[in-house]
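Please read the structure below before turning to the comments.
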Amino acid sequence: MYTKKHYKMPILASAIASIMLTGCGSSESHEEPKNNNQTIVDQGVTPTAPDKATPQPAPDNQTPEPTPPVVTISGPSDVQEKAAFSLTLSAQDDGEIKSIAWTHDASIDLEKVTDNTGNATFTVPDINQDHVVNFTVTVIDDEDEKVEQVHTVNINRITESLTVQGVVTDSPIQHAKVQLVAGEQHVDVIANEKGEYLATIEVDETEVDEMLKIVALGSDAQPEVEFVSQLGTIGALKAQAGDDGVLNNEENFSVNVTNVTTAEYALLQRTGIDLVSDERLNDALQAVDGESMLTLATLIKVIVDSENYSLPEGVSSTLALVSNEEKASEFEQMVKSSNSAYFSEVKKQILDDKNLTSNAVVSLQGDYLLYQSKYYNTSAYHLSLDENGQGKFVAETAVAVSKLSLIDGLSVMELEEPVTLYTSRRVKRDENGAEVVDEQGNRVYASVVHKSSKLSIDTLRASNGSSIIELNTHTQEFVDGELNQEAQLDTLDIYRLMDKQSIPSLTADEVAGKTWLIQLFDRDFVSQDQTIKRYMFNEDGSVTSNIAGETATWQLQGNALVVSIESGEGAKVLQLWPTNAGSIGVTLVAKETHKVDDENERSVSYGGIMVAKQSDLTVTAEQIAGRWTGFIGRTQALHELRISEKLDVRVGASGSTRYRHGKLENNHFYREYFRDNLFRVCEQVTEGCELTAYMEYEFLAVEGSDYLVYRRMVEQVGTEQEGQTREGIYHYIYTPEYTYKQFSSEMLSDFTRFYVESEMGSSPTIEISREQGFNNDEFISTITRNNASYPVQIVNGLLQYSDGDTEMQVSLLEETDNFISVCVYELEAGCSDDKHQTWYTKPGAVPRQRSHLLDTTQFNSKHYSIEQMINGKVAFRRTSSTEWDMDYALSNGKISLTGAPVTDIPDYFLEVLSKVEIEEQNENVVLTVTTDRYSDGQLSEQTTTEEVLSKIDAKQGLNVSKDEIIGTWSVEKYYEFGNELSTYHFEDGVGYSLSENGNRSEFTWDIDGNVLTLTFDFPWVYRFTLTKKVSDGFQLIHQMGDLHQLSYYATYFNHGAVSKMTKQ
């Protein structure tokens, strides 16, 4: 007889299974059994058989139906990472349990331990996301009856959460879409109608070092708004938030997402520093220039607040605008050109809005630097204060701070005596504004000193150890020691206030064993500039110096590089604090302290730059040819050197420079200035040209497109007065592109004049100028055409200006050595061929109108000429020795030339052409010349002559081809004193001449209408104006000229002679 047996699973220490959660996770436990049908096969476990109950007798002759085991799982439903937990099995069966298997569907590796009763313990690893895991137990009894039971467990990360409370504002951005982003985690909320938001972001415990960024997008009503605020790591921000876990603007002002934080973010991106930690963020913040940040914030506010301005074409948002340096600069120029007062007003609104700039008062106890991050050649100061608000302020002089007060949110410091901020001199003038001179006729100068007795600081942006502040120096001007009450001084400037302890210091490995060039800048413009120091910091602590009679040692002390110097001037200590360590240069703030006597010392503050000379640097001509944009990091306006493949040098579009001849020797680039015996600049270096001066560029460091050079200027070469006059360290950005494809501020610089071809009697110009304020903070660009000026801006490489109600645009089509081709058109109409113009960069290159008056029936004819001049007048010539500059007028086909009136009649004899008239008569013209003769201080005689002559216009008479010129010709020139015969041989563009005595000279040539030009070795050029065809050749006017300096001014030609050109 078969008897069905009943079994029960043994209970751990009791009849019912229990579970204990171990480890560092949650202590919560949920005992409800979970059911699921998912099956995963695992190894079996044979449990210990339980005590058996007394069997009930089965009915005779009846086989009982097998029943499956009854299985339940007890355990937690929620656990945390990095903890162990147990799942306990309870199973009842009529027979014996043959096997137990535990499986799960987790994608993570769960360590499992089972005991001999079938219970399982799992250990959760470190995870970075939550998981829902189904644990399945499969139980099989001795009748092969199988039961599966599922228990679901939520495995949760250990997380950190941060709640942020702030406002999105320029003026408040209503209903902005706000997103908090930290690594791969983000949370999205909508701000209310006041721009206020409250958001909580949760990150894994391993993500507490992720940086938090807040992005705010405008609603449909303000689609152009894209604001960003870059904060630090989640861990650091939680510490700032305090016990309540809510970070507000009193704890970190960057929770306000504004035009200022967006501007700051754009400048942070320009530093090239990866913002991956609080330390790297602080490094990048130190490189952010406060004035630049305020300017970009102003551009954003102009876009958001004003209906008169919108985003430039192709720019999608406010962030995109300020992230594009070129677009932002163009937009800034446009706003300032159209309404500079409005731009200044908006900037002031930002400074006054305490939702945009911090109203926090920064503790000033400690040692601080005050400097401008963008420029290394501006004012820099030192401030030290103790807990009592007393200490020292160092500028051109060092004075004690006697009191620190908090007044209307400003930190105000009173000085024991006035501190000197600036010294200079200016020419004295009398009450009529005329310059004052001494008995020898030399100018008399007055001393000018700027002093301050009080300083005030307004904090705009505060960060760890570093703040952007507005410094008011309350400067007063003293002229020859007397207070100048009429002086109007701008005493407000944006500075970075940097705790000296927060400055990243240089290391000994970075300093030692290298030659460093150091240039320091103070605000003393009376004393001689400091010599650039060339220091080798030796590993033994000594310094090899380029300064005669100087010995020095060096050490790193705190965050400063300290150089102790002994010289004939006594002992002094130079302390250098790096403010921005770039890849190839270090900007710095320095303090030099001189020991006056045993008890007194004198300190001076400097801004500056130091560069380690690269020892293995080699520079090729290919790396030099192109464009160099300078002066990066200096307050001077940017300009561009343009260096050709032959290493000749131009500057900007106009190209005018005396230092035009370049050469490369031993990693030094030289720009040389040659002039001839007439003191004219030599465009080509030929016999008679002498080296007068040169600029030498020593390459210190090259990193990609960044060039750092030491430049010096040497003048009066070859004389006893030869010597170096100026030196400096300069930073250039290099591009291999030589020619311009579009307009840029560097191309036009501060002032560029173009010349336009015109009719006789005029010489129109086009002038583009930019008036700048100190530190490039304010400027207005204008274009002047036809004696009218208009504000102009560069937009997408185009010039744009308004001529009345008409919007005009100028595009650059082509650039050559002598001119640019442009299209000048109404914005709505667009460019067409008839709108093309040629703007010449040199007046000498402008085609000039010219006419000759002669008797074409005679080869020895007396002749006259009139020629357009670059000053708008006309030159009238009647002999080889006389030329008159006269005003031109044309009326009813009659040309009238008028000489300048004689206002100061001399006692000696004087003959003056007062009037010339040229009037058409049939195929000829009548030339009438009026001459005034003065004697003994008065007009003694006036005569009038009249001649009938032919008028031959240059380039408008005969039209002679090159083929007609090719060959050999004899040219006979007719002079009053006799004739001169020469032979000329013309090939395709080249040729030579032979004089009567056999001298041969090579030339190049070209023909334009009736003007044949022969160019010999610099500077000689011949001009043959063909006036008439004759049977065997041409009648012509033969003129000789010499090319003017740089081809900038027009070539001067002599009066010439009527000649005959006969083909052989």
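Regarding PRO504, is this residue outside any strand (DSSP E or B) and in contact with a strand residue (DSSP E or B) (Cβ under 8 Å, 6 or more places away or on another chain)? Criteria met by PRO504. If the condition is being farther than 18 Å from LEU799 by Cβ and touching an Asp or Glu at 6+ places or on another chain (Cβ under 8 Å), then segment 320-342 contributes ALA320, SER340. Within segment 897-943, being touching a strand residue (DSSP E or B) at 6+ places or on another chain (Cβ under 9 Å), exposed (fewer than 11 other Cβ atoms within 10 Å of the Cβ) and among the β-branched types (Val, Ile, Thr) holds for one residue alone: THR943. Criterion first (outside any strand (DSSP E or B) and under 22 Å from ILE1037 (Cα atoms)) does GLU964 satisfy it? Answer is yes for this residue. Taking residues in segment 417-429 that are within 19 Å of ALA395 (Cβ to Cβ) and in contact (Cβ under 8 Å) with a residue 60 or more places away in the chain, and partners anywhere that are buried (at least 18 other Cβ atoms within 10 Å of the Cβ) and of a type in the set (D, E, K, R), the pairs with Cβ atoms closer than 8 Å and at least 6 places apart or on different chains are LEU421/GLU396; LEU421/LYS451; LEU421/ARG523; TYR422/GLU396; TYR422/ARG523; THR423/GLU396; THR423/ARG523.
Each row is one residue, and each column tells you yes or no for (1) assigned to a loop (DSSP other than H, G, I, E, B); (2) more than 25 Å from ALA380 (Cα to Cα); (3) of a type outside the set (Lys, Arg).
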residue: LEU556; (1), (2), (3): no, no, yes
residue: SER564; (1), (2), (3): no, no, yes
residue: VAL589; (1), (2), (3): no, no, yes
residue: SER605; (1), (2), (3): no, no, yes
residue: THR618; (1), (2), (3): yes, yes, yes
residue: GLY633; (1), (2), (3): yes, no, yes
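Considering segment 670-758, the qualifying strands (runs of 3 or more DSSP E), each wholly inside and each with 3 or more residues that are over 26 Å from GLY608 (Cα atoms), run over 690-703, 751-755.
Filtered by the rule that a residue be polar (S, T, N, Q) and closer than 16 Å to SER970 by Cα, segment 1016-1038 gives THR1025, SER1031, GLN1035.
For ILE624, the criteria (1) surrounded by 15 or more Cβ atoms within 10 Å (Cβ to Cβ); (2) more than 27 Å from the chain's Cα centre (by Cα) hold in every case but one, which is (2). If you check VAL709 against the conditions, is it modelled with pLDDT of 90 or more, under 34 Å from the mean Cα position of the chain (by Cα), of a type in the set (A, V, I, L, M) and under 30 Å from ILE866 (Cα atoms)? Judged against the criteria, VAL709 is not a match.
Is it true that VAL361 is touching a residue at least 40 places away in the same chain (Cβ under 8 Å), of a type in the set (Val, Ile, Thr) and surrounded by fewer than 20 Cβ atoms within 10 Å (Cβ to Cβ)? Here the answer is yes, as VAL361 does meet what is asked. Considering VAL153, VAL167, VAL132, the condition of being of a type outside the set (Gly, Ala, Ser), modelled with pLDDT of 95 or more, over 30 Å from ALA236 (Cα atoms) and in contact with a Gly (Cβ under 9 Å, 6 or more places away or on another chain) is satisfied by VAL153 alone.
Can you find, within segment 651-669, the residue that is surrounded by the fewest Cβ atoms within 10 Å (Cβ to Cβ) among those that are part of a strand (DSSP E or B) and not aliphatic (A, V, I, L, M)? Top of the filtered list is GLU665. Condition test on GLN1039, is it under 48 Å from the mean Cα position of the chain (by Cα) and either surrounded by 15 or more Cβ atoms within 10 Å (Cβ to Cβ) or modelled with pLDDT under 85 (or both)? Against the criterion (under 48 Å from the mean Cα position of the chain (by Cα) and either surrounded by 15 or more Cβ atoms within 10 Å (Cβ to Cβ) or modelled with pLDDT under 85 (or both)), GLN1039 does not qualify. Residues of segment 808-853 that are farther than 28 Å from GLU645 by Cα and free of Cβ contacts under 8 Å to residues at least 12 places away in the same chain: ALA829, GLY830, SER832, ASP833, ASP834.
Taken over segment 309-334, the criterion of being more than 18 Å from PHE743 (Cβ to Cβ) and under 21 Å from the mean Cα position of the chain (by Cα) is satisfied by LEU311, VAL315, SER317, THR318, LEU319, ALA320, LEU321, VAL322, SER323.
The residue pairs whose first member lies in segment 681-706 and is more than 30 Å from TRP1020 (Cα to Cα), whose second member is of a type in the set (S, T, N, Q), and whose beta carbons are closer than 6 Å, counting only pairs six or more residues apart or on different chains, are PHE699/ASN667; ALA701/GLN614; GLU703/SER583.
Against the definition (out of contact with any helix residue (DSSP H, G or I) (no Cβ under 7 Å at 6 or more places or on another chain), over 18 Å from ILE609 (Cα atoms) and either in contact (Cβ under 8 Å) with a residue 12 or more places away in the chain or not assigned by TED's automatic domain parsing to the domain that holds HIS450 (or both)), how does THR515 come out, yes or no? Here the answer is no, as THR515 does not meet what is asked.
The residue that is nearest to ARG850 (Cα to Cα), among those in segment 952-1000 that are among the aromatic types (Phe, Trp, Tyr) and in contact with a Ser or Thr (Cβ under 8 Å, 6 or more places away or on another chain), is TYR974.
Of the set (1) touching a helix residue (DSSP H, G or I) at 6+ places or on another chain (Cβ under 8 Å); (2) crowded, with 21+ Cβ neighbours inside 10 Å, all apply to LEU574 but (1). Restricting ILE965, ILE1007, ILE952 to those that are surrounded by 13 or more Cβ atoms within 10 Å (Cβ to Cβ) and out of contact with any strand residue (DSSP E or B) (no Cβ under 6 Å at 6 or more places or on another chain) reduces the list to ILE1007.
Considering segment 193-212, and only residues there that are without any contact (Cβ under 8 Å) to a residue 40 or more places away in the chain and not hydrophobic (A, V, I, L, M, F, W, C), the residue that is surrounded by the fewest Cβ atoms within 10 Å (Cβ to Cβ) turns out to be GLU193. Residues in segment 485-500 that are of a type outside the set (A, V, I, L, M) and either surrounded by 14 or more Cβ atoms within 10 Å (Cβ to Cβ) or in the same structural domain as MET536 (by TED's automatic domain parsing) (or both): 6 in all.
Taken over segment 364-379, the criterion of being touching a Leu at 6+ places or on another chain (Cβ under 8 Å), of a type outside the set (A, V, I, L, M, F, W, C) and crowded, with 20+ Cβ neighbours inside 10 Å is satisfied by TYR368, TYR376, SER379. Any residue in segment 97-113 that is surrounded by fewer than 16 Cβ atoms within 10 Å (Cβ to Cβ), out of contact with any Lys or Arg (no Cβ under 9 Å at 6 or more places or on another chain), of a type in the set (Lys, Arg) and assigned by TED's automatic domain parsing to the domain that holds LEU217? No: segment 97-113 contains no residue that is surrounded by fewer than 16 Cβ atoms within 10 Å (Cβ to Cβ), out of contact with any Lys or Arg (no Cβ under 9 Å at 6 or more places or on another chain), of a type in the set (Lys, Arg) and assigned by TED's automatic domain parsing to the domain that holds LEU217.
The values are calculated or read from the model by the stated rules, or taken from the named source; none is laboratory data. Note that the structure is predicted; figures quoted are calculated from it, not measured. In this analysis, Cβ positions are derived from the backbone assuming ideal geometry, glycine residues included, and neighbour counts consider all displayed protein chains.
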